[in-house]
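See structure below.
The values are calculated or read from the model by the stated rules, or taken from the named source; none is laboratory data. The structure presented is a predicted model; accordingly, all values stated were derived computationally and were not measured. Methodologically, a virtual Cβ is constructed for each residue, glycine included, from the backbone with ideal geometry; neighbour enumeration extends over all protein chains shown. To get the accessible areas, we keep the full protein, side chains included, count just its heavy atoms, and leave off ligands, DNA and RNA. Shrake-Rupley method; radii C 1.70, N 1.55, O 1.52, S 1.80 Å.
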Amino acid sequence: MSTQQTHREDLVAAPSRFPLREVVLFAILMAAILGVFTTMGAAYSTRMLVEAACYAILALGLTIQWGYAGQFNAGVMGFVALGGYCAMAFSMPVNGEFWASPLAGELGMVALMALGGLLVVVGASRLHHLGVPKRLRTALAVVLALLFYMLVSARLGVVTEQIESQYDYIGGLGLPPWLGWIVGGVVAGVVGYFIGKVCLGLRSDYLAIATLGIAEIIKAVLKNADWLTRGTATVSPLPWPVPGPAEVGFTLARALYFSVTAVMIVAIFYLLTRAYHAPWGRMIRAIRDNEISAAAMGKDINHRRLEIFVLGCILMGVGGAALGSFNGLFDPQGYLPLNHTFLVLVMVILGGPGNNLGTIFGAFAVYIIWVMSEPLALAVLDLAVTLGEGSFGWEATTNLDSRALQARVFVIGLLISLVLRFAPKGLLPEKVKHHG
């Protein structure tokens, strides 16, 4: 019997470890959820679980980018906003008055002009295949891009101003919300593809800066395109893919919504776990751990890095669409780096980058802490005021609610500091198998 065969038999016969840490952590999580149900009620608790489930999808998208491939994406907010916009655009009713007006045709002509300009610029960028010097090709492509941008933006400004003054905004498509979720993932993936083509060649710190800036650009575009999103006027109420509170009540409606997101999490978890243990997953981790060695073995580094970045963006778009539909409101100003990027990052750090189960645990645990920090802080402040007034004659302040709200930031900051100090790889670290 060869040494390799004996080693393979040893690996097969090795007993698996009982997941004691996982069982204990999830038992504590379940106890915390039951505590919230007991103290805050079923309606509040089901709302918290739905939002935590949507954040879990976002965190799974980030953990495959950061945990699988080592890509630090600081622009999660932008892809969440794109998903939320698609959920709104597909589910809201059709604005029949606009589509019956001549402005719909004019807007279509502007879109065709933009598409034609894009094709011309792309064609100009390929002129080096015909023998045109690269410097001349680049200069020609830039000039054409600027020319078409000025032409399209000037015409678009005239058309959109008329749309806003006469019809408010173009409206939605009146389609099922779940279709908007799928398209939200596709749109986020397409945008992620173009971002990745430009930014994935940067070092991790520069990649973080670039994605953060791009997220702000996406938010600014959605905020200022009143003809498309109503801007700061917001769009509501967004339809749900399940019966709403008006039909079956708040608690049951939210429970049905949670069941949909739970099924999505299970499906995503299953697919990502299979991919992680497949040759594709081992290749991605090899690129993450030693890019030079992976390239020496013939792996297409750039293609695989772009592939994992797009996959993560798709999940962020889907999670953002589900979260936007549940909130029932599309407000571009409501997308904040603290809530939709940093909080997701904390979830992945707490659970463990690269560990799908740990990421789900981190998403639910961090969101429960985030939500419950305010009422717990308010209770502590009320107790301190009561004791102070009775024992020391203190005068109660009038802004306890706002002070309690700020406790969220303090608690999350304290949590991330403790995790980085005592569990830098997360509470459920990535399990790396060493063979040899």
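Structure data summary
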{"quantity": "About the Cα centre, charge dipole magnitude for the chain (Lys/Arg +1, Asp/Glu -1 at Cβ), debye", "calculated": "1760 debye"}
{"quantity": "Taking the C-alpha atoms of segment 307-347, convex hull volume expressed per residue in Å³", "calculated": "78 Å³"}
{"quantity": "Counting all C-alpha pairs of segment 299-388, share separated by more than 18 Å (%)", "calculated": "63 percent"}
{"quantity": "Whole-Hz couplings from phi, Karplus 6.51/-1.76/1.60, listed for segment 338-352; x for Gly and Pro", "calculated": "5, 7, 10, 10, 5, 5, 5, 4, 4, 4, 5, 5, 5, x, x"}
{"quantity": "5 angstrom amide H check on LEU173, placed H, neighbours 5+ away", "calculated": "PHE90, SER91, MET92"}
{"quantity": "The chain: relative contact order as a whole-number percent, Cα under 8 Å and 6+ apart", "calculated": "29 percent"}
{"quantity": "Those lysines that a straight Cα-Cα span of less than 26 Å connects to LYS223, excepting residues fewer than 8 apart in one chain", "calculated": "LYS197"}
{"quantity": "Accessible-area composition of segment 109-193, carbon plus sulfur, in percent [1.4 Å probe]", "calculated": "75 percent"}
{"quantity": "Residue-normalised accessible area of the chain, given per residue in Å² at a 1.4 Å probe", "calculated": "52 Å²"}
{"quantity": "Helix-only [θ]222 nm of the chain, DSSP H runs n ≥ 4, -39500 (n - 2.57) each, per residue, nearest 500", "calculated": "-25000 deg cm²/dmol"}
{"quantity": "Segment 202-344, dipole about Cα centre (Lys/Arg Cβ +1, Asp/Glu Cβ -1), debye to the nearest 20", "calculated": "340 debye"}
{"quantity": "Stretch in the chain that is longest and holds no chymotrypsin sites (Phe, Trp or Tyr not before Pro) that DSSP places in a loop and that have at most 13 other beta carbons within 10 Å", "calculated": "1-391"}
{"quantity": "Convex hull volume per residue in cubic angstrom - Cα atoms of segment 187-341", "calculated": "130 Å³"}
{"quantity": "Heavy atoms of ASP401: accessible area, 1.4 Å probe, square angstrom to 10", "calculated": "100 Å²"}
{"quantity": "Positive-end residue of PRO19, ALA81, PRO176, charge dipole of the chain with Cβ unit charges", "calculated": "PRO19"}
{"quantity": "Karplus-derived 3J(HN,Hα), 6.51/-1.76/1.60, for each residue of segment 88-95, Hz, glycine and proline x", "calculated": "5, 5, 8, 9, 6, x, 6, 8"}
{"quantity": "Of every Cα-Cα pair in the chain, the percent that sits beyond 42 Å", "calculated": "26 percent"}
{"quantity": "Reach of LYS425 by Cα under 28 Å, taken over lysines that are not fewer than 8 positions away in the same chain", "calculated": "LYS299, LYS433"}
{"quantity": "Cα gyration tensor of segment 135-247 - equivalent ellipsoid semi-axes, whole Å, descending", "calculated": "32, 23, 13"}
